[in-house]
Amino acid sequence: MKFTQLKMVNFMRYKGTNILDFSCNPEKNVTVVLGENTAGKTTIAQAFRWALYGELITTQYNDTKDISVLNNELLGEMGPNDYRDVVVEIDMEHEEKKYHLLRKATFSRKFPKYIARQEYEKLAMSIKEKNVGSTTLHDNAGDINGKNKGIVDEIISELLPKSLSRYFLFDGERWSDEKNKKTDIKESVYAIMGISPIKLMKMHLNELGTYGRNSVVKQLKGKLTGSGDEYQKINENLQYYLSKIEISQNKISEATKNMDYFKEKIDESESILNANKTIELDQQKVKALARDKDNNEKYMKSYYADIITSFSKSYTYFAAPLLEEVINILKNVDLYGKDIPNITNSTIDYIIKNEQCICGHKVVKDSYEYQVLMKLKQVIPPMAIGTLVGNYQKELRGWYAKSNEIFQTVKEKANLYQGEKFSFEDNENEIEKTNKRIDGKINFQQERLKMEANKKNKKSEEDKIRIETNNIDDFKNKAKIYEDQISKYQDKSIQNARIEKKIVYAEKLYETASKIYKKSELNILNELNDIIKKNFEIMFNEKDKYAKLEDDYEIKLYYNRVNNMDGYSQMEAYGLSEGEKIAKNFVFIVSIMELANIKKNDSECVAQTLPLVLDGPFSKLSSVNIELIAQVLPKTADQVIIFMLDKDWEHSKLEKYTGAKFAVLKEKEQNFAHIEKIY
Amino acid sequence: MGFEYFRKEVQITGKHSRYVDEMWEQNQIQNSYFKRLVDLYVFAPVIGLRTRRKSVADNSDGKRTVPVTQILELEKDLEIIMQTILLLDDTSNLSVDQKIDRAFRGPSTEAEFKENVNLFHDYMRGGIEVLHDCLVDRELTIDDKYTDRRIGNLVALFDNPLV
């Protein structure tokens, strides 16, 4: 099976038509696509996945709603009621047949919301017989009568089953993906190695259905006839237990479904509650922060009041510098010369009252002397002016003295206020941030009750499963007894003899198939392990560790023993680096491919050989490892299609195996990429 | 008979009363720069004198009354400020002796009394304008250490060499 061409029209990053012709030359079976990071290499892997399975790898996107298979620029250009198509076509060759696959999605912006969205999807395939030249067309939607619906999906799942896609289509995160179920891995490995048909055969012969009742052997046994009361009785009993087994089986499958359902619901509740644990904590935090904030505010108010109280008295501070001016103005004035020494208002009052001056002159009312004295009285203070000025200056000096203290108080309180303000703002920001996290609408208690109820429900389903499993064992034992007994009472007719013969034949066949299957299972594990060990050494030049596939198909890394005296039989390597995880998986994939190639001509199994499509496998590996791995690839798979960074290309030394080379180009000012053929 | 200053309530009118409202709210210290109206009344003339800014009364709408009880509480300090104004004011072309007489002997006539009171109030109104500029209108600058505008402006006032 080989890919011959991929054609993308307006697919994701690729605007317009871009074509990749893959190399099918057995000597140069590598096709390489080079490009810088984010240029659009992964998009090509996406095109494969979308065309084959109608899905995209979404893990690298934060929001799957953001992804559109239609080129974003075209999406943006679309006007109301416009239509745009996105198409991916894949050409493949397999066993003398040419397959042409087409998947097309039509987008439109329609009334009334005018949101661009996918309206139709078409999936079609044409198959051309190389020799005959006739072409058959298939439409996944079925024919006019609605027949053959899903036919293209069926063909694809025969050619390139989705379950195997992880072994040929490596897009992105698969390299270190640990989510794959082990049973899935085992099944897909069996499918690749071609032992699945034997398993099916084995099932068909003796295991299909409840207690194998739909299998060939059991069906044949059912056709054996018998007679007589005893036969009837035994047969009735047998049928009774067989039906009991079936009933129990149905109960189990029903209970399992319910159990899964309840488990899902419990998980949902748990994830809500776990998220809410932080919400509860957050709510407590907000309360504490709010208290702190209130306190900050109280302190701020108190400091502010202190500041204002001090500031209100600080006119003395602002008046203090005036003292200098006052001193300047008064320093050259003889204040005491302005006064008549020791003469005050009361002195003059005394003279007027006695109507005689201290010099002996008469002072008669309204006389000249009287008027001089009265005028004098107006300018003579009750106190000496020198004293008054002295008092004034003293007061002003007092203001000056304490002015600095006021300023210090205001500044100190202002600093305290600022500190509180910062805390206040910090608390406020933290509250806002935390509040954003909180979704106050969720009712925790109700959710918890719901979860508890579901836990009870799940437990009761588990109990049912346990009881029915025990029942089945019991019923099987009883059925076996009757099965053994019944043969004695069967008719000795020719017809029964014929059936008996068939039964023996089927049972022998079953035995052989089981043997082959068992042997294959064991062989595959052993052979795979040998190849894995070898490849790990070659590809990673690793001496300290070795890789081993466990019975459950989990690949693990172990430390090599330092010497034989070492007491540890097997010491697993934990905490693998990203590079080691990739290495581990790489070795696994390559080894599977290699074994499948070996098994291709196996007489008992029909192994499949698949092309390998690899996206950016080397980005986390050293240049030495890149070369080691790259050199193995062309020998492992029939066809290798690989997307890589320019810088890894030289290290890979793949040139001599490369039959086709492309580059993904993206102009800086452009939002879309295009592919250019180099050779 | 003697004339005594600061024995009556005082009215601040017009734009000055509006400025006052932006710096003081009764019983709302958190919304005020001054605890009481009288604190602003005693503060403003000092600032007016320091900046030598006088302003005549504006008789447009608005009136704030400084109660006499509050004035009497600060009478002594107000007297000192009055004396300082009478001593340092240069607008009347008086000699130093005349200024000293004016400041310390007290007014001998009604006219002289009123003139001195008006001078005090001119400086008081001038001071209100300066305070309004410095406390209310001023924007914080990068040099201010405080992020609260009121606090920043208060502290900046202390550091202002012009005041």
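The values are calculated or read from the model by the stated rules, or taken from the named source; none is laboratory data. The structure displayed is predicted, hence computed values, not measured ones. Glycine also receives a Cβ, built like all others from the backbone with ideal geometry; neighbour counts cover every protein chain displayed. Ligands, DNA and RNA are stripped out before the accessible areas are found, and what is left, the full protein with its side chains, is counted by its heavy atoms. Shrake-Rupley method; radii C 1.70, N 1.55, O 1.52, S 1.80 Å.
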Coil-residue trypsin sites (Lys or Arg not before Pro) of segment A:465-566, DSSP, other Cβ within 10 Å capped at 12: A:Lys492, A:Lys543
MRE, 222 nm, helices only [DSSP H, n ≥ 4, -39500 (n - 2.57), over chain B, to nearest 500]: -16500 deg cm²/dmol
Inter-site label distance for A:Thr469 and B:Thr65 at 7 Å from Cα along Cβ, in nm: 9.6
Projected label distance in nm at A:Ser493 and A:Glu119, using a 7 Å step from Cα toward the beta-carbon: 6.6
Label zone at A:Thr106, where the point sits 7 Å out along the Cα-to-Cβ direction: segment A:117-145 residues whose backbone N lies under 13 Å: A:118-123
Efficiency of FRET between A:Asn477 and A:Ser622 - r from beta-carbon atoms, R0 56 angstrom, step 0.05: 0.40
Cross-link table A:Lys186/A:Lys251; A:Lys533/A:Lys581; A:Lys413/B:Lys35; A:Lys476/A:Lys515, entries beyond 26 Å C-alpha to C-alpha: A:Lys186/A:Lys251
10 Å Cβ neighbours from other chains, averaged over peptide A:402-410: 1
Long-range amide H partners of A:Thr225 with built H, under 5 Å: A:Asp491
Exercise: per-residue mean of other protein chain Cβ atoms within 10 Å, A:320-331: 3
Peptide B:24-30 - average C-beta neighbours from other chains (10 Å radius): 2
For segment A:313-439, size of Cβ-based charge dipole, Lys and Arg +1, Asp and Glu -1, in debye: 540
FRET E, pair A:Asp85, A:Asn541, Förster distance 56 Å, beta-carbon r, rounded to 0.05: 0.70
Calculated FRET value between B:Val136 and A:Ser302, using beta carbons and R₀ = 30 Å, to 0.05: 0.85
Within the accessible area of segment A:313-439 (1.4 Å probe), percent carbon and sulfur: 52
Low-density loop cleavage sites - GluC sites (Glu not before Pro) in segment A:483-552, where at most 15 other Cβ are within 10 Å (DSSP): A:Glu550
Sparse-neighbourhood loop sites, trypsin sites (Lys or Arg not before Pro) in segment A:188-226 - DSSP loop, at most 12 other Cβ within 10 angstrom: none
Amide hydrogen neighbours beyond the local backbone of A:Phe662, cut-off 5 Å, H modeled: A:Val32, A:Val33, A:Leu34, A:Ile678
Peptide ranges B:114-124, A:610-620 listed from the most packed, as the mean C-beta count within 10 angstrom indicates: A:610-620, B:114-124
Value at 222 nm in deg cm²/dmol, rounded to 500, when DSSP H runs of n ≥ 4 in chain A each add -39,500 (n - 2.57): -19000 deg cm²/dmol
Reachable lysines from A:Lys377, criterion Cα separation under 17 angstrom, eight or more residues apart if same chain: A:Lys338, A:Lys353, A:Lys365
Relative contact order (%) - criterion: Cα under 8 Å, at least six apart; region: chain A: 24
Overall Cα dimensions of segment A:313-439 - principal axes, largest extent first, Å: 104, 32, 16
Three principal axis lengths of segment B:36-126 [C-alpha, angstrom, descending]: 38, 27, 26
Cα-based shape type of chain B, given that a ≥ b ≥ c are square roots of the gyration tensor eigenvalues and the cut on a/c is 1.5: prolate
Two-decimal ratio, the protein assembly as shown, of alpha-carbon radius of gyration to 2.2 N^0.38 Å: 1.82
Potential lengthening between A:Ser227 and A:Asn526 on full extension [0.36 nm per residue; Cα-Cα distance subtracted]: 102.5 nm
